[in-house]
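Note sheet for the following structure.
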Ligand code: C2E
Ligand code: MG
Ligand code: MG
Ligand code: MG
């Protein structure tokens, strides 16, 4: 019986790999053409400062709409883009578009705020990353303090190299956020070593705030730790009033999540900002 099970498991495994590969080849060739065909867009999710209840920033999140595939979530195509190297031109497009949109909002008279973009690991270790970003910022005319780069702990595993890269980036005048904090391997000493402006508490901890005493302690401890290192905290995945109250009580600086808004297309985000101001 064990042998039969083993065999059928193997068969199942192989089939799923095969379909994954053929599926990916199809997807890969569509992904290659996606930039030229204007199939990407950025959605924006507001970040609210607890102390003032004002817009503190926005995170730009990529969306891919393809005729054949429909809406493909970044969770599905970013890993493929990473694997194939396509993430480099895609990532460049994301930074350009985020800068362009931010300038457009500033010109339209909205209060200035940073827009953050997610970097992938391959992008992070490109030798010309700093030069590329510098050029994009200059071409866009954006004041660099209004661009924020999000990296994750796992990207910064090689702490010597990462701290050099991060310092180069920081010298451009941009802001740096550590995304998904608490989920990856990380050395706490990195937090002290890296020039980090914001630490984003992963949504998995925020989600269980109301139910799980341990997660409550973890969140409170992360906030304290960050503040001792003079790093501001942003909570991700804030969905309920309970989350808002707990995080506000523990001095979390900034909140982001469905409680305030889902990520929105630029035009909807503008409407959202206009409504928020009126409150
Ligand atoms: P992330 O950077 O941690 O982004 C937060 C994710 O949580 C987003 O998913 C967002 O839509 C979702 N989210 C926000 N608020 C809530 C909430 O209250 N509840 C729940 N359950 N989820 C919430 P999304 O847009 O699907 O992006 C997933 C991941 O894909 C991102 O995680 C990021 O790692 C990656 N990603 C997105 N855009 C880009 C990009 O332009 N470049 C790269 N390299 N990665 C990207
Ligand atoms: Mg992020
Ligand atoms: Mg995150
Ligand atoms: Mg995440």
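The values are calculated or read from the model by the stated rules, or taken from the named source; none is laboratory data. Small disclaimer: the values here were computed from a predicted structure and weren't measured. Because the Cβ atoms are built from the backbone with ideal geometry, glycine has one as well, and the counts that use them run over all protein chains shown.
Can you find, within the range 190-209, the residue that is nearest to residue 57 (Cα to Cα) among those that are away from ligand 4 (no atom under 16 Å from the Cβ) and loosely packed, with under 15 Cβ neighbours inside 10 Å?
Looking at residues that are away from ligand 4 (no atom under 16 Å from the Cβ) and loosely packed, with under 15 Cβ neighbours inside 10 Å, I get 195.
Of all residues in the range 133-165, how many are under 27 Å from residue 106 (Cα atoms) and away from ligand 2 (no atom under 16 Å from the Cβ)?
Qualifying residue count, the range 133-165: 14.
Where in the range 81-183 are the helices (runs of 4 or more DSSP H), entirely inside, with at least 3 residues that are in contact with a strand residue (DSSP E or B) (Cβ under 8 Å, 6 or more places away or on another chain), more than 24 Å from residue 27 (Cβ to Cβ) and within 16 Å of ligand 1 (Cβ to nearest atom)?
87-107
Considering the range 228-241 alone, what residues qualify as being surrounded by fewer than 16 Cβ atoms within 10 Å (Cβ to Cβ) and more than 16 Å from ligand 1 (Cβ to nearest atom)?
228, 229, 230
Suppose the filter is surrounded by fewer than 19 Cβ atoms within 10 Å (Cβ to Cβ) and modelled with pLDDT of 95 or more; does residue 164 pass it?
So residue 164 fits the description; yes.
Does residue 78 meet the test of being under 16 Å from the mean Cα position of the chain (by Cα), surrounded by fewer than 19 Cβ atoms within 10 Å (Cβ to Cβ) and within 16 Å of ligand 4 (Cβ to nearest atom)?
So residue 78 fails the test.
When you go through 103, 121 one by one, which is the residue that is at negative phi, surrounded by fewer than 20 Cβ atoms within 10 Å (Cβ to Cβ) and within 16 Å of ligand 3 (Cβ to nearest atom)?
One residue alone meets the criteria, 121.
Please go through the range 114-152 and give me each residue that is under 18 Å from residue 270 (Cβ atoms) and free of Cβ contacts under 8 Å to residues at least 60 places away in the same chain, ordered by number.
If the condition is that a residue be under 18 Å from residue 270 (Cβ atoms) and free of Cβ contacts under 8 Å to residues at least 60 places away in the same chain, then 142, 146 are the ones that fit.
Any residue at all in the range 210-231 that is outside any helix (DSSP H, G or I), touching a strand residue (DSSP E or B) at 6+ places or on another chain (Cβ under 8 Å) and modelled with pLDDT of 90 or more?
yes
One line per residue, one yes/no per condition, for (1) within 30 Å of residue 250 (Cβ to Cβ); (2) modelled with pLDDT of 95 or more:
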{"position": "29", "(1), (2)": "no, no"}
{"position": "44", "(1), (2)": "yes, yes"}
{"position": "64", "(1), (2)": "no, yes"}
{"position": "101", "(1), (2)": "no, yes"}
{"position": "108", "(1), (2)": "no, yes"}
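Is it true that some residue in the range 192-199 is under 18 Å from residue 102 (Cα atoms) and either in a helix (DSSP H, G or I) or within 16 Å of ligand 3 (Cβ to nearest atom) (or both)?
Checking the range 192-199: not a single residue is under 18 Å from residue 102 (Cα atoms) and either in a helix (DSSP H, G or I) or within 16 Å of ligand 3 (Cβ to nearest atom) (or both).
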